[in-house]
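Peer 1: A single structure is presented below for examination.
The values are calculated or read from the model by the stated rules, or taken from the named source; none is laboratory data. Given the structure is predicted, the values throughout are model-derived calculations rather than measurements. All Cβ positions, even for glycine, are placed from backbone atoms using ideal geometry, and neighbour counts span all protein chains on display.
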Ligand SMILES: Cc1cc2nc3c(=O)[nH]c(=O)nc-3n(C[C@H](O)[C@H](O)[C@H](O)COP(=O)(O)O)c2cc1C
């Protein structure tokens, strides 16, 4: 197909050749997918796995369970090698992605405001390849019994007040699936350049024979096609509350799913769990999205952002 539609979008200063991004934690750090297609030539951006100032072990196994309908539950718990380990392992590869026109978004994790500060400072110093940062405010707050760091508008704004002064690069904030309008407004007011949503939705899967959880923990995050309709609704609610751009995430597995996100108000769209059960899905989703945009008779995909009519 020879496309006549301009697919380039701007996610809060991250200029993407097309709207497709990857959801943190579901795509390795890109290199794992090079055997399937040319990552650097295909995606608008990749978002890397969440990384903290120092390595985290994550939660005990088992921490993944398959659910009906290609959905999964995970309680990986942000296992990561720390910023230094991440840069040593992936820095050269990620610089190469940038050079090939794919934007690189590094995700910042922390258990406290001080940990966000340390991680951001290290990324600033060691990661010139990062086009921008995504701040994961769903990490558990160790000082407050494990509630998410960004569970309230005030708490979310506090995280931003630490990260924002430390970098001039674009900052996207990855939101948990609750109060997205109110928390989105607080994040915009505290200097976020863009928002990404949603993260996984807490769920449970019980082995009825043993009466225990199918994972090592009682609850875990549900992702995949099962959450798509909820994610589209939340993107729409958030888009109606803020003026900064949004990256839509949740159960995207086809061009039609990505198109729904765009119509609901997303500027970019991340593919997550679909990468795990169909590792070649991204190029297909891109072709399908472009075909849809062509069929809508527009010359620029930006004309379709938020074009949903109630
Ligand atoms: C195995 C796994 C690991 C994840 N790790 C992270 C992470 O490190 N940081 C984050 O913000 N979200 C993480 N997520 C959530 C995804 O980025 C995404 O928000 C969520 O899975 C919903 O999108 P999906 O339905 O397309 O997978 C993870 C999800 C899965 C399945």
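Peer 1: When you check residue 184 against the structure, is it over 22 Å from residue 104 (Cβ atoms), within 16 Å of the ligand (Cβ to nearest atom) and in a loop (DSSP other than H, G, I, E, B), yes or no?
Peer 2: no
Peer 1: Of all residues in region 95-128, how many are away from the ligand (no atom under 16 Å from the Cβ), in a helix (DSSP H, G or I) and crowded, with 21+ Cβ neighbours inside 10 Å?
Peer 2: Number of matching residues: 1.
Peer 1: State all residues of region 292-310 that are in contact with a helix residue (DSSP H, G or I) (Cβ under 7 Å, 6 or more places away or on another chain) and in contact (Cβ under 8 Å) with a residue 24 or more places away in the chain; if no residue qualifies, say none. Can you show your working first?
Peer 2: Filtering region 292-310 down to residues in contact with a helix residue (DSSP H, G or I) (Cβ under 7 Å, 6 or more places away or on another chain) leaves 292-293, 296, 298, 301, 304-308.
Across region 292-310, the qualifying residues are 292, 293, 298, 301, 304, 305, 306, 307, 308.
Peer 1: List the number of the failed condition for residue 21; all other conditions in (1) within 14 Å of the ligand (Cβ to nearest atom); (2) within 21 Å of residue 119 (Cα to Cα); (3) buried (at least 23 other Cβ atoms within 10 Å of the Cβ) hold.
Peer 2: Condition (2) is where residue 21 drops out.
Peer 1: So, of the residues in region 157-179 that are more than 13 Å from the ligand (Cβ to nearest atom) and under 16 Å from the mean Cα position of the chain (by Cα), which turns out to be nearest to residue 249 (Cα to Cα)?
Peer 2: Filtering region 157-179 for residues that are more than 13 Å from the ligand (Cβ to nearest atom) and under 16 Å from the mean Cα position of the chain (by Cα), the one nearest to residue 249 (Cα to Cα) comes out as 178.
The rows are residues; the columns are (1) part of a loop (DSSP other than H, G, I, E, B); (2) modelled with pLDDT of 95 or more; (3) under 25 Å from residue 305 (Cβ atoms); (4) touching a helix residue (DSSP H, G or I) at 6+ places or on another chain (Cβ under 9 Å).
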site	(1), (2), (3), (4)
222	no, yes, no, no
243	yes, yes, yes, yes
248	no, yes, yes, yes
253	yes, yes, yes, yes
256	no, yes, yes, yes
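Peer 1: Among the residues of region 72-94, how many are part of a helix (DSSP H, G or I) and either away from the ligand (no atom under 16 Å from the Cβ) or buried (at least 22 other Cβ atoms within 10 Å of the Cβ) (or both)?
Peer 2: Count: 10.
Peer 1: Also: Suppose the filter is over 30 Å from residue 60 (Cα atoms), over 14 Å from the mean Cα position of the chain (by Cα) and within 16 Å of the ligand (Cβ to nearest atom); does residue 259 pass it?
Peer 2: Judged against the criteria, residue 259 is a match.
Peer 1: Please go through region 187-200 and pick out each residue that is away from the ligand (no atom under 15 Å from the Cβ) and in a loop (DSSP other than H, G, I, E, B).
Peer 2: Going residue by residue through region 187-200, those that are away from the ligand (no atom under 15 Å from the Cβ) are 188-191, 193.
Selection gives 190, 191, 193.
Peer 1: Another question, if that's okay. Name the one entry in 250, 203 that is in contact (Cβ under 8 Å) with a residue 12 or more places away in the chain and either away from the ligand (no atom under 16 Å from the Cβ) or crowded, with 21+ Cβ neighbours inside 10 Å (or both).
Peer 2: Just a single option satisfies the conditions, and that option is 250.
Peer 1: Can you pull out every residue in region 162-188 that is more than 19 Å from residue 234 (Cβ to Cβ) and in contact (Cβ under 8 Å) with a residue 12 or more places away in the chain? Step through it out loud before you land on a result.
Peer 2: Filtering region 162-188 for residues more than 19 Å from residue 234 (Cβ to Cβ) gives 162-171.
Selection gives 162, 163, 164, 166, 167, 169, 170, 171.
Peer 1: Return the pairs, sorted by first residue and then second, in which the second residue is part of a loop (DSSP other than H, G, I, E, B), the first residue lies in region 135-160 and is without any contact (Cβ under 8 Å) to a residue 12 or more places away in the chain, the beta carbons are less than 9 Å apart, and the residues are 6+ apart or on different chains.
Peer 2: These pairs meet every condition: 144/151; 147/141.
Peer 1: Among the listed residues 226, 231, 218, which satisfies the condition of being within 14 Å of the ligand (Cβ to nearest atom), surrounded by fewer than 21 Cβ atoms within 10 Å (Cβ to Cβ) and either on the phi < 0 side of the Ramachandran plot or within 19 Å of the chain's Cα centre (by Cα) (or both)?
Peer 2: So the residue among 226, 231, 218 that is within 14 Å of the ligand (Cβ to nearest atom), surrounded by fewer than 21 Cβ atoms within 10 Å (Cβ to Cβ) and either on the phi < 0 side of the Ramachandran plot or within 19 Å of the chain's Cα centre (by Cα) (or both) is 226.
Peer 1: With respect to residue 43, determine if the residue is at pLDDT below 95 and touching a strand residue (DSSP E or B) at 6+ places or on another chain (Cβ under 9 Å).
Peer 2: In short, no.
Peer 1: Okay, moving on. Every residue in region 18-55 that is more than 18 Å from residue 133 (Cα to Cα) and not in a helix (DSSP H, G or I), please.
Peer 2: Across region 18-55, the qualifying residues are 18, 34, 35, 36, 37, 38, 55.
Peer 1: Let me ask another. In region 266-293, which residue that is in a loop (DSSP other than H, G, I, E, B) and surrounded by fewer than 22 Cβ atoms within 10 Å (Cβ to Cβ) is farthest from the ligand (Cβ to nearest atom)?
Peer 2: Only one residue fits best here, namely 280.
Peer 1: Let me ask another. Suppose we filter region 27-65 for residues that are more than 25 Å from residue 244 (Cα to Cα) and within 16 Å of the ligand (Cβ to nearest atom); how many remain?
Peer 2: Final tally of qualifying residues: 20.
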